[in-house]
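To start, I am sharing the structure in question, which I have written as structure tokens.
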Amino acid sequence: MIPPKPPSRRGKGSVWRFIRDFRGDILSAQSDRLYRAWMAEFRGPFIHSFTCNDPQLVDLVLRRRPMDFPKSPRMAAGLQPLLGNSSFISNGATWLHQRRIIDIAFAGGRLREAFPAMWDASEAAVARLAPLADGTETDIEPQTGHVAADVIFRSLFSIPIEDQVASQVFDAFREHQAAQPMVNLGGLLTLPRWARLHGRNVRTSARRIRGLIQSLIRERAERIAAGTAPADLATKIMTTPDPVTQKRFTDKEMVDEVATFFLAGHETSASALAWALYLLAEYPEWQDRVADEAERALTPDFACVKQLEISRAVFRETLRLYPPVAMTVRECRHATSLRDRKAPAGAQVVLSPWHLHRHQRLWDNPDGFDPGRWQTENGKICQRDAYIPFSAGARACPGAGFAMIEGPLILSALVRAYRLDPPAEPPVPVMRLTLRGKNGIRLRLTPR
Ligand code: HEM
């Protein structure tokens, strides 16, 4: 069985065909040539873009000259009502300042401190799934969204998702997503600016989320001042000065970052976990291996993380086949050469983990599910050169280490408790803000 892959547009085709084919899903509007091409230039009525699949180009844009390829303002526009000018969309000196603080908060040693929050969230998720484990089909995406949001609240503010404010943020966030179905890369890339303006509902729901986050931050500031604050990520971020300027985050900056951690940290992990559970339902032999390993190694002790090798290989393979951030966009700050083409200043550079991770000239068995590949020569080379689920270079995801503990841990806990069986109809991947199933990701659960 080949894991589900959306249909691609055949061959080169015209711009107008691309626009006609584009119906809210940028993945199936792409040409099938991108699975073999090193680069593709695209000129549309509102865009001139270069999709880069050549590992050397990816290296250039992300690792060697990141400041020459800043985040595209097209991406920023869609996310600004909620994220303000957070690290996810800012550029230049502002972004450097934000990352200097965030990177300290997420540094290696602190992940150990976040482990109990992840553990508690995984136990709560196992309990929450019990009523659904009756062998009938269920959409697992809302469940993985729930547990991922729980992890974020517990590790940032030491509160579970059942907390009154946390659950209000979670609900308001879902409303925000519903009000803004066009915040996907397809919309941002293909539409002109006027077509991307935000409706009133979007602005209202973003304001509501930001107001709730503001109240959490105010309360935390009071506890920090009183010396009674827990030693969690929020306290760390709020008390860490930028080592260069000595400035701390202002309240407004802190709201921007918390909204970002919530968005970037929970949507992505929710997507990856849902696809991982689905894949395990389709591949019972890997499912049994994850369950056996969990039975042997899973304990409430941080040291167990290292032992979850099979679960980690499965999660890593899931991030290859179904990268939650399936595409991202940079902009050329200056005119430059990309392979043999001239890219003018302002041209968009599209990086597509979706295509890079399935590139036929790079990967053995590119569309197959094989968590064992990471032990092979080809898997090791590709992991280094053609695997960017967390992006790479200076702008790589600061939560990557966090996510690579959270994901395998929750996967192991769920698979130890439940047997997973596949649905009648496989899910169809579509790119919304993150990679989702067109009609959810369904599977069947029974107690193990
Ligand atoms: C499986 C889980 C995750 C995946 C696949 C993922 C992936 C990514 C990717 C690809 C980017 C770069 C986006 C771009 O270049 O357009 C990114 C950025 C970011 N992620 Fe993650 N992420 C995950 C989890 C997290 C978590 C748990 C957090 C924090 C709690 C987080 C916080 C951020 C932030 C703040 C940025 C912006 C970094 C910058 O631009 O400097 N992510 N993530």
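So which of PRO300, PRO323 is within 16 Å of the ligand (Cβ to nearest atom), at pLDDT 95 or above and part of a loop (DSSP other than H, G, I, E, B)?
After ruling out the rest, the residue left standing is PRO323.
Would you confirm whether or not the stretch 303-320 contains a residue that is aliphatic (A, V, I, L, M), within 16 Å of the ligand (Cβ to nearest atom) and within 23 Å of PRO423 (Cβ to Cβ)?
Yes; the residues of the stretch 303-320 include at least one that is aliphatic (A, V, I, L, M), within 16 Å of the ligand (Cβ to nearest atom) and within 23 Å of PRO423 (Cβ to Cβ).
Restricted to the stretch 73-91, and to residues that are away from the ligand (no atom under 11 Å from the Cβ) and open to solvent by less than 30 Å² (accessible area, probe 1.4 Å), which residue is farthest from ASP150 (Cα to Cα)?
Going through the qualifying residues, I end up with ALA77.
Okay, moving on. Inspect all residues belonging to the stretch 267-282 and state whether any of them is in contact with a Cys (Cβ under 9 Å, 6 or more places away or on another chain) and closer than 30 Å to MET431 by Cα.
yes
Please pick out the residue among ILE152, ILE101, ILE161 that is closer than 20 Å to LEU263 by Cα, in contact with a Phe, Trp or Tyr (Cβ under 7 Å, 6 or more places away or on another chain), open to solvent by 10 Å² or more (accessible area, probe 1.4 Å) and at pLDDT 90 or above.
ILE152
So, one more: Take ALA281 and tell me if it is open to solvent by less than 50 Å² (accessible area, probe 1.4 Å) and under 24 Å from PHE115 (Cα atoms).
The answer is no for ALA281.
Sticking with this structure for a sec: Filter the stretch 393-411 down to the residues that are closer than 23 Å to ARG65 by Cα and near the ligand (Cβ under 9 Å from one of its atoms) and list them by number.
ALA394, ARG395, ALA396, CYS397, PRO398, GLY399, ALA400 - these are the residues of the stretch 393-411 that are closer than 23 Å to ARG65 by Cα and near the ligand (Cβ under 9 Å from one of its atoms).
Next up: Which of the following residues is within 21 Å of the chain's Cα centre (by Cα) and either farther than 26 Å from ALA303 by Cα or among the acidic types (Asp, Glu) (or both): GLY92, GLY108, GLY84, GLY135?
Selected residue: GLY84, the only one of GLY92, GLY108, GLY84, GLY135 that is within 21 Å of the chain's Cα centre (by Cα) and either farther than 26 Å from ALA303 by Cα or among the acidic types (Asp, Glu) (or both).
For the stretch 230-270, which residues satisfy the criterion of being crowded, with 19+ Cβ neighbours inside 10 Å and not in a helix (DSSP H, G or I)?
ASP232, PHE249
List the pairs whose first member sits in the stretch 255-277 and is at negative phi, whose second member is among the acidic types (Asp, Glu) and more than 10 Å from the ligand (Cβ to nearest atom), and whose Cβ atoms are under 7 Å apart, counting only residues at least 6 apart or on separate chains?
Between residues of the stretch 255-277 that are at negative phi and residues that are among the acidic types (Asp, Glu) and more than 10 Å from the ligand (Cβ to nearest atom), the close pairs are ALA270/GLU141; ALA274/GLU141.
On to the next question. Evaluate the stretch 328-348: report whether one residue or more is more than 30 Å from HIS48 (Cα to Cα), in contact (Cβ under 8 Å) with a residue 24 or more places away in the chain and either open to solvent by less than 30 Å² (accessible area, probe 1.4 Å) or not in a loop (DSSP other than H, G, I, E, B) (or both).
no
Something else now. From the list LEU82, LEU27, LEU34, which residue is farther than 28 Å from VAL169 by Cβ and at pLDDT 90 or above?
When all the criteria are applied, what remains is LEU34.
Here's a follow-up. Regarding ASP364, is this residue free of Cβ contacts under 8 Å to residues at least 24 places away in the same chain, more than 8 Å from the ligand (Cβ to nearest atom) and closer than 20 Å to TRP38 by Cα?
Here the answer is yes, as ASP364 does meet what is asked.
The values are calculated or read from the model by the stated rules, or taken from the named source; none is laboratory data. The structure presented is a predicted model; accordingly, all values stated were derived computationally and were not measured. Reconstructed Cβ throughout: ideal geometry from the backbone, glycine too, with neighbour counts over all protein chains shown. SASA here: full protein model, heavy atoms, side chains in, ligands and nucleic acids out. Shrake-Rupley method; radii C 1.70, N 1.55, O 1.52, S 1.80 Å.
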